[in-house]
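Contents: one structure, followed by commentary.
The values are calculated or read from the model by the stated rules, or taken from the named source; none is laboratory data. It should be emphasised that the depicted structure is a prediction, and the values quoted were computed from it without experimental measurement. We place every Cβ from the backbone using ideal geometry, glycine too, and count neighbours over all the protein chains shown. All accessible areas refer to the heavy atoms of the entire protein, side chains included, with ligands and DNA or RNA removed. Shrake-Rupley method; radii C 1.70, N 1.55, O 1.52, S 1.80 Å.
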Amino acid sequence: MRPILLILLSLLLTIPAFHHTHAQLKNPDNIQHDWSTDTSNHIIDLSEIQVVLPRNSFPVIDYPEFTGKEQGLKQFFRHEPVIAVSLNGRAKAYPLNMLAMHEISNDTLGGIPILPSYCPLCNSALVFDRRLKHQEEEHLLEFEVSGMLRYSNLILADKQTETWWQQLSAKGLAGKLAGAELKIIPSMIITVKEFFESYPKGKILSPETGTKAENRYGTNPYVNYDEEDGKPMEKYFPHEKISGRLPAMERVLEIKSENRGYRIYPFSEIRNKEVINDEFGSKKIVVFYRDEKVSILDESNIRKSKTIGSATAFSRRFKGQTLTFSKKNGYFTDHQTQSKWTITGHCIKGKLKGSKLKLLPHGNHFAFAWLHFYPESEIYRSQE
């Protein structure tokens, strides 16, 4: 009889601790929170996490269907933004407007399991490798949307361990894999038109997803969210925490240096210069800009939205030399060979025709979000 009592006592001691940890989450609306996540293993203060929606509120599109150039140019607005990713000779595009309704997609490309993700509240679009090695254990993960936010940023959950992950940092926050970090796969935020110009055999996500979100594609539920003098939703991001270093809704492009941390390039600077030749730590960087891409966070009908432009980042190092670029007639020319390059880093004319610049990992995020998670980031300022 005594062993049974001891077992019951141990259960009574552990269960309250588990529930107490879950109770630390912000959940003012008492939303059902159905997770078996081991929240005793965490790397942040759990009170920073806010429960916003019940689990499974977002219809995740797993291993979706795609369509080619001809049909894609008919189905999508040519100037709307996509996450473009290319691996092992294959290329796919994921329209941000569609991802705003789903936020993630478990998929594969070129034999690699990938996770395109988009958090519209932070305008952060990143692609992750779903393979992970942590503490000598290998994982192949599939993800869902948790229904939770941390400082306005999407929290993902993997289905295998129910670990919670911060989208903007790629780090496991709580659960078995807390402290692990997903590998970011380099991608670009460009237009549908720009994608098919560089990848004519590429595929774009089909709008026939079989979900209830189908009839909302092409519309924006976050009308006027990215106004120049706007701010994030205060219920998800306290306004007193907004950094004064840049306007809250300024878009920024980030580059990481192993020995210097991050440098961010405000879109106002990028738009003004159109080409930025830069050095950051050991990196030789070029940022290209083309003024065609529209916002999906402006007008209700994204075809009527304002133009914000595409910005991409590459290494200027090419076969032992450092190239310097300028822009002319919508394309980019290196001064060393006078070759002509596209917004996607493809050389289409000149001595280096057929070559590609090395794409650097980067994204386009709102400044308020990036500077909260990476407050030590350097900010690029033009010397002119």
* Residues of segment 310-357 being exposed (fewer than 14 other Cβ atoms within 10 Å of the Cβ), of a type in the set (Gly, Ala, Ser) and either in a strand (DSSP E or B) or modelled with pLDDT under 95 (or both), which ones? -> Gly320, Ser326, Gly330
* Search segment 59-73 for residues being touching a Ser or Thr at 6+ places or on another chain (Cβ under 9 Å) and over 10 Å from Leu205 (Cβ atoms), and hand back the single one that is most open to solvent (accessible area, probe 1.4 Å). => Tyr63
* Among the residues of segment 246-260, write down those that are open to solvent by 30 Å² or more (accessible area, probe 1.4 Å), over 18 Å from the mean Cα position of the chain (by Cα) and touching a residue at least 24 places away in the same chain (Cβ under 8 Å). => Pro247, Glu258, Arg260
* All positions within segment 152-175 that are open to solvent by 10 Å² or more (accessible area, probe 1.4 Å) and either at positive phi or within 16 Å of the chain's Cα centre (by Cα) (or both) -> Glu162, Ser169, Lys171
* So Pro54, is it closer than 22 Å to Ser152 by Cα and either at pLDDT below 95 or crowded, with 17+ Cβ neighbours inside 10 Å (or both) -> yes
* Based on what the data block shows, is Lys241 more than 19 Å from Ile83 (Cα to Cα), open to solvent by 40 Å² or more (accessible area, probe 1.4 Å) and among the charged types (D, E, K, R)? -> yes
* Would you point out the residue of segment 198-223, among those that are open to solvent by 70 Å² or more (accessible area, probe 1.4 Å) and outside any loop (DSSP other than H, G, I, E, B), that is nearest to Lys340 (Cα to Cα)? => Lys203
* Structure fact -> Residue count, segment 73-118, condition on the phi < 0 side of the Ramachandran plot, free of Cβ contacts under 8 Å to residues at least 60 places away in the same chain and in a loop (DSSP other than H, G, I, E, B), comes to 1
* Structure fact -> Those residues of segment 275-309 that are over 19 Å from Ile379 (Cα atoms) and either buried (at least 16 other Cβ atoms within 10 Å of the Cβ) or touching a strand residue (DSSP E or B) at 6+ places or on another chain (Cβ under 8 Å) (or both) come to a total of 19
* Return only the number of the condition from (1) of a type outside the set (Asp, Glu); (2) open to solvent by less than 10 Å² (accessible area, probe 1.4 Å); (3) closer than 14 Å to Leu53 by Cα that Leu149 does not satisfy. => (2)
* Meets criteria (aliphatic (A, V, I, L, M), within 19 Å of the chain's Cα centre (by Cα), closer than 21 Å to Met249 by Cα and surrounded by fewer than 23 Cβ atoms within 10 Å (Cβ to Cβ)) for Ile190 -> no
